[in-house]
Amino acid sequence: MIIYKSPEEVDKMRLAGRIVAGTIDRVLAAVRPNITTAELDDVAETYIREQGATPSFKGYGAAPGRVPFPASICTSINQEIVHGIPSAERTVAEGDLLKLDFGAIWEGFQGDSAVTVIVGEPASAEADKLVRVTEEALEAGISQIRPGGRLSDIGAAVEQVARGAGFEVVREYVGHGIGRNMHEDPQIPNYGRPGRGPVMKPGLVVAVEPMVNAGGWETSVLPDGWTVVTGDGSLSAHFEHTIAVTEDGHEVLTAR
């Protein structure tokens, strides 16, 4: 069931989004070759808690055979798509394609956003193009968010940009509604035909997050139970924003 947010609830999500945006800026400023992903996680958690918020991801998602997520952000490198676990044993290297996913809770409401950066200089023209196209795909999806539009318009726009550039969108992991919970209805696939699904209305808040692979769309999960990787070892990029449907269009709550 889709849960529409009141203006007061959207105000709280706007504040959560600002905290997430500020966290991203501080972590990006810390990214450099040889820094550990655990150090980046420390930067994020420190800032989130200094704002009086709580990291969304830490302790999230306990399931049979899988421990709760142990960190405040996700750090995924190169062929890792999403949900990579920060570690003091994992350093980033020049040319790495680093995905950083952030979440914060403010007064019970969530903000969620992700970016992909290349550490130093790109290792290849393909990596540089993949990052650029994935961000463009996110922007294309966001452009479809407005009252009266259909949910599938978002994924159709994302897929058109990604596949038009010769890449594939991940199908097993999708965007989502967001509010008091990190993952709410509706699901927002990054593919499909336009003009289908529920009509968007003011008060709907969604997290749109293209995950785009340089190779095939298939994925697998590492033995840690969290880290999702490309099935063929190809590079992947990931961008995400939290967006509210407004009376006259949309508002990106995690804009930086």
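Points worth noting:
- Given a 1.4 Å probe and the protein chains as shown, Tyr191 ends up with an accessible area of around 70 Å².
- Spatially proximal lysines relative to Lys201 (Cα-Cα < 28 Å; intrachain offsets below 8 disregarded): Lys5, Lys12
- Over the range 106-256, the alpha carbon radius of gyration divided by the compact-protein estimate 2.2 N^0.38 Å works out to 1.03.
- Normalised contact order of the chain, rounded percent, pairs of Cα under 8 Å and 6 or more residues apart: 23
- Between Glu89, Glu126, Glu240, the GNM of the chain built on Cα springs shorter than 10 angstrom shows Glu89 fluctuating the most.
- Of Leu151, Leu222, Leu97, the one that fluctuates the most in a GNM where the chain has Cα springs shorter than 10 Å: Leu222
- Equivalent ellipsoid semi-axes, the chain, via Cα gyration tensor eigenvalues times 5, rooted, Å: 26, 23, 16
- Mean-position separation - Cα centroids, the range 77-117 and the range 170-216, in angstrom: 19
- Here the chain has 49 percent of its accessible surface on carbon and sulfur atoms, given a 1.4 Å probe and all protein chains in place.
- Comparing Gly249, Leu28, Val170 along the charge dipole axis of the chain, the residue lying farthest to the positive side is Gly249, per the Cβ-charge model.
- Using the Cβ of Gly120 as centre and a radius below 10 Å, the other residues enclosed give a net charge of -2, where K and R count +1 and D and E count -1.
- Once the 1.4 Å probe is applied to the protein heavy atoms, the chain comes out at 42 Å² accessible per residue.
- Cα convex hull, the range 127-209: 87 Å³ per residue, rounded to a whole number.
- Per-q log10 I(q)/I(0), the range 63-154, q = 0.10, 0.20 Å⁻¹ (Debye; single scatterer per alpha-carbon; no solvent): -0.38, -1.09
- Candidate cross-link partners of Lys129 among the lysines, defined by an alpha-carbon separation under 30 Å and a same-chain spacing of 8 or more, comprise Lys99.
- Residue-averaged 222 nm ellipticity for the chain, from DSSP H runs of 4+ at -39500 (n - 2.57), nearest 500: -9000 deg cm²/dmol
- Across the alpha-carbon set of the range 12-89, the Rg to Rh ratio works out to 0.98, Rh being the Kirkwood radius.
- Normalised by the number of residues in the range 83-143, the average gap of Cα pairs under 8 Å and 6 or more apart makes the relative contact order 29 percent.
The values are calculated or read from the model by the stated rules, or taken from the named source; none is laboratory data. Keep in mind that what you see is a predicted model, and the values were worked out from it rather than measured. FYI the Cβ positions are ideal-geometry reconstructions off the backbone, even for glycines, and counts take in every protein chain you see. Surface accessibility is based on the protein's heavy atoms, side chains included, excluding ligands, DNA and RNA. Shrake-Rupley method; radii C 1.70, N 1.55, O 1.52, S 1.80 Å.
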